[in-house]
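The values are calculated or read from the model by the stated rules, or taken from the named source; none is laboratory data. Everything quoted here is computed from the prediction, not taken from an experiment. Cβ atoms come from the backbone with ideal geometry, glycine included; neighbour counts cover every protein chain shown. Please note that ligands, DNA and RNA were not included when accessible areas were found on the heavy atoms of the full protein model with its side chains. Shrake-Rupley method; radii C 1.70, N 1.55, O 1.52, S 1.80 Å.
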Amino acid sequence: MKPYELVIDHEACWGCRTCEVACKQELSVPGGVQLIHISENSRDDANGLPQFSYQVNLCSHCDDPPCLDVCPEEAITRREDGIVVLDHFQCSGCQACLDACPYDAIAFDQENQVARKCNLCHNRIDNGLVPACADNVCLAHCIYFGDPQTVAEQRKKRLGQA
């Protein structure tokens, strides 16, 4: 299978949060649980005017995911295509994966007492679609998805380098 890559151009992000909404709608996650989240940073420029930047945080689908190794229920698996999946139905709620994730990309669902994370909408990918957050919902068009070569070409085109 081909490897997938999801790349976010943080400098182009407007902080509109449509990716958060698309994710919540696609996966029907409970309130308070975010599998992709936007952090807003602000500082004043030299003229005292506020400048904003946004950081999009979600699972990096690591090549060697530390969350996988610590899960006592084996609820976390890495597919052949590199997508790291957490089966929240198999999760015991021990939260070991939350502590192990270096990207703070695993959320705890208080309502259901289980861990949740971005599964890269693998069901959509298996049906020839892209993850919900990358499906033309981003107003800034700063989310790229596909095989690494296609993503690189898309980014070059967007930046006017193609």
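List of remarks:
- Taking each residue of segment 2-13 that is over 14 Å from Cys138 (Cα atoms) and looking for partners that are of a type in the set (A, V, I, L, M) and crowded, with 16+ Cβ neighbours inside 10 Å with beta-carbon atoms closer than 8 Å, six or more apart or interchain, yields Tyr4/Ile83; Tyr4/Leu120; Tyr4/Ile125; Glu5/Val151.
- Test: residue in segment 45-68 that is hydrophobic (A, V, I, L, M, F, W, C), open to solvent by less than 80 Å² (accessible area, probe 1.4 Å) and more than 26 Å from Val137 (Cβ to Cβ): yes
- Which listed residue, of Ala100, Ala75, is in contact with a Ser or Thr (Cβ under 9 Å, 6 or more places away or on another chain) and modelled with pLDDT of 95 or more: Ala75
- Yes/no for Leu35 being open to solvent by less than 50 Å² (accessible area, probe 1.4 Å) and out of contact with any Ser or Thr (no Cβ under 9 Å at 6 or more places or on another chain): yes
- Residue match in segment 38-48 (condition: closer than 24 Å to Asp147 by Cβ and modelled with pLDDT of 90 or more): no
- From Gly82, Gly93, residue being modelled with pLDDT of 95 or more, of a type outside the set (A, V, I, L, M, F, W, C) and in a loop (DSSP other than H, G, I, E, B): Gly93
- In segment 124-143, of all residues being among the hydrophobic types (A, V, I, L, M, F, W, C) and assigned to a helix (DSSP H, G or I), the one that is surrounded by the fewest Cβ atoms within 10 Å (Cβ to Cβ) corresponds to Ile125.
- Extreme residue, nearest to the chain's Cα centre (by Cα), among residues of segment 3-31 that are of a type in the set (Gly, Ala, Ser) and open to solvent by 60 Å² or more (accessible area, probe 1.4 Å): Ser28
- Annotation: Ala107 fulfils all but one of (1) within 13 Å of the chain's Cα centre (by Cα); (2) open to solvent by 30 Å² or more (accessible area, probe 1.4 Å); (3) modelled with pLDDT of 95 or more; the unmet one is (2).
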